[in-house]
Amino acid sequence: MLNHRSTSKWKTPAIFLFWGLVWFIPLASWGLAKVLPPYVPQFGQFLYTVTGFFEAHPGLHKIYYAQVRADSMSPWTTLNESNYFPHHPYGHRTRFQRLMHRFRGHRGESARRELARWLVQHPNTPHNITELRFVVAGIDPQNATPLSHWQQPSWEAIPHQHTELLQTYSRHDLAPNPF
């Protein structure tokens, strides 16, 4: 009968050797040199190359802005999100940011229109506005990582080559639907 201590002497190094050959060495070689060891079978190559999906971080973080103006000649003014969405339950993003992120693309056009209608009819919105627009700006994640509580940068501080117009609405377009 084998002694329990004698089996554990070879069992632990065998587990580490197996782990290193099967998982760590192929994963490290793929991550560093984009080459898998020759002993990795064809079906295993797919499993290791999946790690390539997460090689780089996103280039820019998206921040959404709602802007209004009184007439076609006046400058755009950014609405203060805290007047409309005062609660910050999700860390650095307000509910407005989460809604706009969810409403991106063509599928969110009707939802953005409804949000714009709500913003125009909100009591905190100036009554003399004629247009409202949603814009998205990209900021570099390296510059957007503060040591304390994250603050959304002002619209003026963002380079305009990183901005994109999502939608513009006139006040007439956002009038309540009588039906």
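The values are calculated or read from the model by the stated rules, or taken from the named source; none is laboratory data. Here the structure is a predicted model, which means the values were calculated and not measured. All Cβ positions, glycine included, derive from the backbone under ideal geometry; neighbour counts span all protein chains shown.
Every residue in the range 105-118 that is surrounded by 15 or more Cβ atoms within 10 Å (Cβ to Cβ) and either of a type outside the set (A, V, I, L, M) or farther than 16 Å from residue 166 by Cα (or both), please. Before the answer, list the steps.
If we filter the range 105-118 for residues that are surrounded by 15 or more Cβ atoms within 10 Å (Cβ to Cβ), which is where we start, we get 108, 112-113, 115-117.
Residues satisfying the conditions are 108, 112, 113, 117.
Checking residue 104 against (1) modelled with pLDDT of 85 or more; (2) assigned to a loop (DSSP other than H, G, I, E, B), which single condition isn't satisfied?
Of everything listed in (1) modelled with pLDDT of 85 or more; (2) assigned to a loop (DSSP other than H, G, I, E, B), residue 104 misses just condition (1).
From the list 60, 79, 36, exactly one residue is within 24 Å of the chain's Cα centre (by Cα) and at pLDDT below 80. Which is it?
Details: 79 fails: at pLDDT below 80; 36 fails: within 24 Å of the chain's Cα centre (by Cα).
After ruling out the rest, the residue left standing is 60.
I'd like the full set of residues that are at pLDDT 90 or above and either among the aromatic types (Phe, Trp, Tyr) or surrounded by fewer than 10 Cβ atoms within 10 Å (Cβ to Cβ) (or both), limited to the range 65-76. Quick ask: steps written out before the conclusion?
To start, the set of residues in the range 65-76 that are at pLDDT 90 or above comprises 65-69, 75-76.
Hits for the range 65-76 are 65, 75, 76.
Kindly establish whether residue 29 is hydroxyl-bearing (Ser, Thr, Tyr), at pLDDT 70 or above and not in a loop (DSSP other than H, G, I, E, B). Lay out the reasoning, then the answer.
Values: hydroxyl-bearing (Ser, Thr, Tyr): yes; at pLDDT 70 or above: yes; not in a loop (DSSP other than H, G, I, E, B): yes.
Yes; evaluated as a whole, the condition is true for this residue.
Could you tell me whether the range 116-123 includes any residue that is of a type outside the set (Lys, Arg), in a loop (DSSP other than H, G, I, E, B), farther than 19 Å from residue 158 by Cα and at pLDDT 85 or above? Walk me through it before giving the result.
From the range 116-123, those of a type outside the set (Lys, Arg) are 116, 118-123; that's our starting set.
Next, only the ones that are in a loop (DSSP other than H, G, I, E, B) stay: 122-123.
From what is left, the residues that are farther than 19 Å from residue 158 by Cα are 122-123.
With the extra rule that they be at pLDDT 85 or above, the set shrinks to 122-123.
Within the range 116-123 (the criterion being of a type outside the set (Lys, Arg), in a loop (DSSP other than H, G, I, E, B), farther than 19 Å from residue 158 by Cα and at pLDDT 85 or above), the answer is yes, since at least one residue qualifies.
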